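Read through the structure below, which is laid out as structure tokens, and then see the notes.
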Amino acid sequence: MKPAPFSYHAPKTLEEALTTLARVAPEEGRVLAGGQSLVPTMAFRLARPRHLVDINGVGELSRLAVEGEKLCIGATVRHAAFETPVVKGPLGALLADVVQHIAHKPIRARGTFCGSIAHADPASEWCLVAAALDAEMVVHGVRRERVIAAKVFFDAIMTTALEDNELLTEVRLPLLPEGTRFGFYEFNRRAGDFAIAMALATFRLKDSKIAEPRVAIGGVEAFPRRIFPAETLLEGRAANADTFMAAAEAAAKEAEPLDDAVNTADYRRSLVRTVVRRALERAAS
Ligand SMILES: Cc1cc2nc3c(=O)[nH]c(=O)nc-3n(C[C@H](O)[C@H](O)[C@H](O)COP(=O)(O)OP(=O)(O)OC[C@H]3O[C@@H](n4cnc5c(N)ncnc54)[C@H](O)[C@@H]3O)c2cc1C
């Protein structure tokens, strides 16, 4: 099928993008970033925006830079940018590891980090990273700028705190301290498919004990989130199989999995146990 008719707008500055979006948002205007989620849904006529505001010509949105202790990722930075580490240290390595699980090369060449965050698919790897690391989302409208914490940005399935007339201009990720270990594990049926369940774990070792643990799951619930009972269990314990099993059990108990015709809630819960344990094992190895 072909998309329903729409008007195309190609602003060249952020100001122009914001004023155009403010004007067309009430008439079903949408932002076009990499188009890797929006265009297929338009082709199937599941989405019928009457206006597209293409942000790819806005130079200032392509920024990928370290500022203070944060990595700032602009709205048009592609997934593929992360295939080699964009910053020295654990964060660059973590992003380079995770990006390999997002779709396939052609999609990674066009799709954007911020587009994934705005789209908020429950199985988005970048949404999991944002939740696990407590990312900040920088959002601009014509009249105001807001910085929204990941824990309040994701609302429900494919629903965020973004208003229709707002642009996600940048996502900021904290640089991880030297010595931070990370482990990512994703389960899906074929390489490149969306995750059925995945987990990201980070921690440091202090006197051979786990310090500052973070455990987050994605693809399981309406949106990715940190699992605090698992983190509490890990803090100060030895990084061994018993500890990891206990944390995985706590995560499975805490999860409120989605239930659908293909993957039942029980099945997803059992996957949580596995992906959390394997993510922790990878972080330790
Ligand atoms: C076959 C296939 C497999 C895929 N597999 C995966 C996968 O395994 N993991 C994964 O995470 N993704 C996957 N994707 C989705 C892909 O990663 C998309 O690139 C991503 O979801 C959206 O980014 P985009 O830049 O393409 O956004 P677009 O498609 O342009 O936009 C998506 C939505 O977000 C809005 N939007 C985009 N940018 C902004 C912004 N800056 N501010 C406000 N709103 C904005 C748009 O209006 C639209 O509603 C897959 C896609 C395909 C086609």
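Below, the figures for the structure above:
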read-out: Every residue from the stretch 267-285 that is open to solvent by 10 Å² or more (accessible area, probe 1.4 Å) and not basic (K, R); value: Y267, S270, L271, T274, E281, A284, S285
read-out: Candidate set: the stretch 88-108, residues that are closer than 21 Å to T202 by Cα and buried (at least 19 other Cβ atoms within 10 Å of the Cβ); chosen: the one farthest from the ligand (Cβ to nearest atom); value: P90
read-out: One residue from R172, R143 being without any contact (Cβ under 8 Å) to a residue 12 or more places away in the chain, open to solvent by 40 Å² or more (accessible area, probe 1.4 Å) and more than 19 Å from L38 (Cα to Cα); value: R143
read-out: Search result, residues across the stretch 179-194 that are modelled with pLDDT under 95 and open to solvent by less than 10 Å² (accessible area, probe 1.4 Å); value: none
read-out: Top-ranked residue in the stretch 195-230 [being part of a loop (DSSP other than H, G, I, E, B), in contact (Cβ under 8 Å) with a residue 12 or more places away in the chain and out of contact with any helix residue (DSSP H, G or I) (no Cβ under 9 Å at 6 or more places or on another chain); ranked as most open to solvent (accessible area, probe 1.4 Å)]; value: S208
read-out: Pairs with Cβ under 8 Å, 6+ apart, first in the stretch 231-246 and on the phi > 0 side of the Ramachandran plot, second surrounded by 14 or more Cβ atoms within 10 Å (Cβ to Cβ) and not polar (S, T, N, Q); value: G236/K209; G236/I210; G236/A211
read-out: One residue from A47, A43, A22 being without any contact (Cβ under 8 Å) to a residue 40 or more places away in the chain and not β-branched (V, I, T); value: A47
read-out: Residues located in the stretch 247-266, provided they are open to solvent by 70 Å² or more (accessible area, probe 1.4 Å) and either among the aromatic types (F, W, Y) or free of Cβ contacts under 8 Å to residues at least 24 places away in the same chain (or both); value: D259, A261, V262, D266
read-out: Scope the stretch 40-53; condition more than 16 Å from E27 (Cβ to Cβ) and either more than 9 Å from the ligand (Cβ to nearest atom) or open to solvent by less than 10 Å² (accessible area, probe 1.4 Å) (or both); matching residues; value: A43, F44, R45, L46
read-out: All positions within the stretch 64-117 that are closer than 25 Å to A284 by Cα, of a type in the set (A, V, I, L, M) and out of contact with any Lys or Arg (no Cβ under 8 Å at 6 or more places or on another chain); value: V86, V87, L91, A93, L94, L95, A96, V98
read-out: T160 hydroxyl-bearing (S, T, Y) and buried (at least 21 other Cβ atoms within 10 Å of the Cβ); value: yes
read-out: Subset tally (residues that are in a helix (DSSP H, G or I) and within 13 Å of the chain's Cα centre (by Cα)) for the stretch 130-183; value: 6
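The values are calculated or read from the model by the stated rules, or taken from the named source; none is laboratory data. The structure displayed is predicted, hence computed values, not measured ones. Here Cβ is always computed from backbone atoms with ideal geometry, including for glycine, and neighbour counts include all displayed protein chains. Surface areas here come from the heavy atoms of the whole protein model, side chains and all, with no ligands, DNA or RNA. Shrake-Rupley method; radii C 1.70, N 1.55, O 1.52, S 1.80 Å.
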